[in-house]
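Chemist: Got a structure here, written out as structure tokens. Questions coming.
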Amino acid sequence: MRLYLLYLSYSFLLLLPSWQHRIHGEDSRQNGVSREFLKNVGKKRQGRPPKVGEEEIRMLRRLLEMPPARLRMLRKTIERMENYSEEEREEMKKKLAKFQSSNSGERSQAMDSLLRRHALLKSHWSKVSSERRAMEIKKLNSMSHQERRKFFDDLNRTFDSDTDNPKPVN
């Protein structure tokens with residue numbers, strides 16, 4: 001159970017906009033996540049073993065501090081993770097371990113890539129009808145990890161997030 005909660009905490013931290021602030025040295029208290037929480041995520045407790053339910057209570061308290069929009073995003077992430085195959089879970093664990101062990105420059109580059117992908121998707125969806133956008137969001141949420149990767153690769157080839165010209169984004 002503890003490993004699962006740790007896995008969840010790492011997964012949703014990748015989605016938290018406050019990581020961008022932490023990487024660039026700005027105040028990370030914005031968006032309901034404290035700098036102390038980000039600093040201690042993933043560290044094993046030293047000394048005494050945790051009391052039964054202590055980590056769950058801590059997790060619930062963190063969730064109660066989050067704004068509703070962040071909770072909705074987290075819920076969707078958890079629902080998507082529930083549908084992962086064992087291979088997808090292992091791949092995600094490897095990615096998270098690699099991200100955790102990388103230096104700050106590599107982390108910054110990874111976060112910039114995620115933010116660029118988010119901006120690209122937001123730009124794309126702002127140009128399509130609301131019906132098509134709803135259909136694409138539903139389809140994207142039901143895609144496997146490989147299908148989602150292909151979707152973003154195709155989108156990268158179609159649009160440049162800065163200029164909206166059809167050229168690949170590296």
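Chemist: Starting at the first residue of segment 89-95, write each ³J(HN,Hα) from the Karplus equation 6.51 cos²θ - 1.76 cosθ + 1.60 with θ = phi - 60°, in whole Hz, x for Gly and Pro.
Modeler: 4, 5, 4, 5, 4, 5, 4
Chemist: What ³J(HN,Hα) values, in whole Hz, does the Karplus curve 6.51 cos²θ - 1.76 cosθ + 1.60 give for segment 137-146 when θ = phi - 60°, with x put for Gly and Pro?
Modeler: Result, rounded to whole Hz: 5, 4, 5, 4, 5, 8, 6, 6, 4, 5.
Chemist: Can you work out the Karplus-derived ³J(HN,Hα) for every residue in segment 130-136? Use 6.51 cos²θ - 1.76 cosθ + 1.60 with θ = phi - 60°, whole Hz, and x for glycine or proline.
Modeler: For segment 130-136, the Karplus curve yields 5, 5, 5, 4, 4, 5, 5 Hz.
Chemist: Continuing with this model, one more query. Pulled fully out, how much extra length does the chain show between residue 80 and residue 98, if you take 0.36 nm times their separation in residues and subtract their Cα-Cα distance?
Modeler: Result for the pair: 4.4 nm of gain on full extension.
Chemist: Next up: How long are the three semi-axes of the equivalent ellipsoid for segment 52-138, computed from the Cα gyration tensor as the root of 5 times each eigenvalue, in whole Å, largest first?
Modeler: The answer is 27, 21, 16 Å, longest axis first.
Throughout, read-outs are computed from the coordinates displayed, never taken from laboratory work. Everything numeric in this text was worked out from a predicted model, so none of it was measured.
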